[in-house]
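To start, the structure under review is shown below, and the notes come after it.
Read-outs throughout are calculated quantities, based only on the coordinates presented, and are distinct from any laboratory measurement. Model, not experiment: these values are computed from the prediction. Please note: Cβ atoms are built from the backbone with ideal geometry, for glycine as well, and neighbour counts cover all protein chains shown.
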Amino acid sequence: MTNKRVLITGISGFIAGHTAVAFLNAGYEVRGTVRSLNKIDKTKETLANHADCSKLEFVEADLMSDDGWDVAVKGCPYVVHMASPFPLNSPKNEDDIIRPAVDGTLRILKAATQNGVERFVQTSSTVAVTAGHSHGRVDAFTEDDWTNLDGAGVTAYVKSKTLAERAARDFVSNSKSGMHFSTVNPSLVLGPMLGADFGASLEIVQMFLSGKYPATPKIMFPVVDVRDVAKMHLLAIETNAQSGGRYLAVSDTISMNDFSKCLKTGLGDKARKAPTREMPNWFFKLISLFDKSAKDIISELGRVYTVDNSKTRKTLKMNEFISANDAIVAAGKSLVDNKLV
């Protein structure tokens, strides 16, 4: 790798910021896209607390416009595409999420192939793997599984991530560019904040610490630390594995009740409002009538499942992940330290 310059789209985001730090500390030149140049100073100030930013530059580009993408990818042999809508609640019109995710990905892939990009890593999600399946499934989900878009509880966000990854893989398979392509599919991303801003993934921690709910619903989900996700993007760019890799970023699968107990144990009195009891399903269903966040996950009630990412661990040599407990506590501590709860 003689030209170690990487484009990171959506660099001001929670995961993208950590990924930029990982690449900068590995000696890469980093170019980041922002939707508005007004974000540059704050983003650079935040990243400068964690890495030498002398090799950091920015370009303005939006997922819904062709403008700026040729300039963004020019001279970058590597692209890490992370920009994608991530709302806590589903919008009234699902295309408000789906179109930027799918069309934006294809827009960037087109610019990448036209400008000779050698390696392209797309940030997808485990929701493109695990959603829409029967609650009766006993087999662990693996890198070979795909979300069933016709299944129950498939939200606009789930569709956006699944369709964007499908579209990207179809584009690359039909392209003659020879560009190396892979995806990193994170689960719920927690861990420490780089600054005072945080993404939607930490809002669940904020809700528990603020005592929004008196008890936890009987729901479980896979968790990963943002530092491991950043590391996986770097490894995906540098791997000798063949093109087409699909890497599941999962440390552990945990129930919401155990999630809250991690906060209690790790933060003590600072997590005194975090619930420790599980609520009956009927009560959560009642809450969902008035709470959009609850409504979007009601189909997950009582679902028990596991994720086996042993193939990912072997291919990327990610033998050890930061535990879900440590990721949860680090997220909670960041929110407390920044006086966000």
Q | All strands (runs of 3 or more DSSP E) inside segment 1-110 with 2 or more residues being crowded, with 21+ Cβ neighbours inside 10 Å | A | 5-8, 29-34, 78-81
Q: Could you list all residues from segment 88-126 that are under 20 Å from the mean Cα position of the chain (by Cα), more than 22 Å from Glu60 (Cβ to Cβ) and not β-branched (Val, Ile, Thr)?
A: Leu88, Asn89, Ser90, Pro91, Glu94, Asp95, Arg119, Ser124, Ser125
Q) Can you pull out the strands (runs of 3 or more DSSP E) entirely within segment 146-241 that have at least 3 residues that are free of Cβ contacts under 8 Å to residues at least 12 places away in the same chain and either in contact with an Asp or Glu (Cβ under 6 Å, 6 or more places away or on another chain) or under 20 Å from Arg303 (Cβ atoms) (or both)? A) none
Q. Surrounded by fewer than 17 Cβ atoms within 10 Å (Cβ to Cβ), of a type in the set (Ser, Thr, Tyr), in contact with a His (Cβ under 7 Å, 6 or more places away or on another chain) and farther than 20 Å from Gln206 by Cβ, is that true of Ser310?
A. no
Q) Could we say that Ala274 is of a type outside the set (Ser, Thr, Tyr), in a helix (DSSP H, G or I) and touching a helix residue (DSSP H, G or I) at 6+ places or on another chain (Cβ under 9 Å) here? A) no
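For segment 46-76, enumerate the residues that are without any contact (Cβ under 8 Å) to a residue 60 or more places away in the chain, touching a Leu at 6+ places or on another chain (Cβ under 6 Å) and among the hydrophobic types (A, V, I, L, M, F, W, C).
Matches in segment 46-76: Ala51, Cys53.
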(Q) Can you tell me which condition Val304 does not meet? The list is (1) more than 19 Å from the chain's Cα centre (by Cα); (2) in a helix (DSSP H, G or I); (3) among the aliphatic types (A, V, I, L, M), and all the others hold. (A) (2)
Q | Scan of segment 176-209 for residues that are β-branched (Val, Ile, Thr) and closer than 22 Å to Thr43 by Cα, ordered by number | A | Val189
